[in-house]
Amino acid sequence: MILNKKTIILVLIFFLFNNFSYSKINLQIVMKINGQIVTSYDLEKESNYLLALNPRLKEISKNELVEIAKKSIIKEMIRKSEILKYKDLNLQNAQIDDVLNSVILNLDFSNQTQFEKYLSDYNISINDFKKKIEIENEWKNLIYSKYSKSVKIDKDSLINKIEKTSKDELSLEYNLSEIIFDKKQNIPLEEHSVEIVESIETNGFENTANLYSISDSSKVGGKIGWVKKNNLSLEINREIENLKINSYSKPIKIGNNYLILKINDIKEVVIEIDKQKELDKMIMLETSKQLDKFSNIFYNKIKLNSTISEL
């Protein structure tokens, strides 16, 4: 049977209408952030992204995972809007591949091909992943440009620390994970801390980092990696020096926020110090620590001026 032109057009309209209706059923608008729509598909994709970074999130309830995904999308979209005031995002920055390679190594994959296959299991493309890296990277660049002159480094104190360390033959290194949280208004610190500790006991440290931590490390379950004992503050060292592997500290006040550290592993290393290189590393760590504080302050400021509505 030969279909005439009019019949073909009607058939096409029928299929288009059906597809549109199907999309309406399966795609729901769940949020608006500064007028930008977030759909149920966006939430599902963000959940998959978070699961890829921290598979232990499968242990928590679906509702909790959705809440984490919402928080993650809100932060990303607000940051992206701010970045776009100053520059375009086009995946052209060479730093993206550097960060990607670092992520691949930290997640124990041998190469990018292996990592791409892993991501495909979560319906995430490598370009999706690179876009997220770009936003985080450009946000850090923005924070640096705004606040680098406000960073205060006590070089003499760091040099003295290096001089003391150089007299020792061995030193400790900790493999750490973190949860950084701020005190909620009208809720005592003790009450909020109990809530977080109960979550650690129920959901595990990594999942609690996703649920509560305001640090960017929350996406990877709070993992920081190996840190030399001498690069930690005296207060932090006091709080963790008697902790065993797989145990965590009580909340430690850092500026306006609080920190809970978990010790994943401990090792003793022979000290071989290049004093200049060690000083450069310590300056970089302290700079990063201070910029993270400025980042949280700035993000909270622009978030207050944002319009976020759940539908």
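Just one residue in the set N93, N106, N18 is at pLDDT below 90, surrounded by 15 or more Cβ atoms within 10 Å (Cβ to Cβ) and out of contact with any Pro (no Cβ under 9 Å at 6 or more places or on another chain); that residue is N93. Applying a threshold of 7 Å to beta carbon distances and a minimum spacing of six or more residues, or different chains, the list of pairs starting in region 79-98 at a residue that is closer than 27 Å to Q112 by Cα and ending at one that is among the basic types (K, R) and not in a loop (DSSP other than H, G, I, E, B) reads L91/K130; L91/K131; I96/K130.
Going by the structure shown, is G221 in contact (Cβ under 8 Å) with a residue 40 or more places away in the chain, of a type in the set (G, A, S) and surrounded by 15 or more Cβ atoms within 10 Å (Cβ to Cβ)? It is true that G221 is in contact (Cβ under 8 Å) with a residue 40 or more places away in the chain, of a type in the set (G, A, S) and surrounded by 15 or more Cβ atoms within 10 Å (Cβ to Cβ). When region 167-184 is filtered for residues that are surrounded by fewer than 13 Cβ atoms within 10 Å (Cβ to Cβ) and more than 25 Å from the chain's Cα centre (by Cα), the ones remaining, listed by number, are K167, D168, E169, L170. For region 171-187, the count of residues that are touching a residue at least 12 places away in the same chain (Cβ under 8 Å), in a helix (DSSP H, G or I) and under 30 Å from K62 (Cβ atoms) is zero.
For region 35-87, the candidate set comprises residues that are among the aromatic types (F, W, Y) and in a helix (DSSP H, G or I); within that set, the residue that is farthest from E310 (Cα to Cα) is Y49. Residues in region 117-127 that are buried (at least 16 other Cβ atoms within 10 Å of the Cβ) and in a helix (DSSP H, G or I): L119 only. Among residues belonging to region 262-311 that are part of a helix (DSSP H, G or I) and of a type in the set (G, A, S), point out the one that is surrounded by the most Cβ atoms within 10 Å (Cβ to Cβ). Only one residue fits best here, namely S295.
Looking for something within 15 Å of S171 (Cα to Cα) and over 18 Å from the mean Cα position of the chain (by Cα) - is there at least one such residue anywhere in region 251-266? Step through it out loud before you land on a result.
Initial filter on region 251-266 (within 15 Å of S171 (Cα to Cα)): 265-266.
Checking which are over 18 Å from the mean Cα position of the chain (by Cα) leaves us with 265-266.
Yes, the conditions are met somewhere in region 251-266.
The number of residues in region 233-261 that are in a loop (DSSP other than H, G, I, E, B) and modelled with pLDDT under 90 comes to 3. Counting residues in region 149-161 that are touching a strand residue (DSSP E or B) at 6+ places or on another chain (Cβ under 8 Å), at negative phi and surrounded by 17 or more Cβ atoms within 10 Å (Cβ to Cβ) gives zero.
Out of I308, I297, one residue alone is over 19 Å from S233 (Cβ atoms), at pLDDT below 95 and in contact with a strand residue (DSSP E or B) (Cβ under 7 Å, 6 or more places away or on another chain). It is I308.
The values are calculated or read from the model by the stated rules, or taken from the named source; none is laboratory data. The model shown is predicted, which means the values in this text are computed figures rather than measured ones. Glycine gets a Cβ as well: all are built from the backbone with ideal geometry, and neighbour counts include every protein chain shown.
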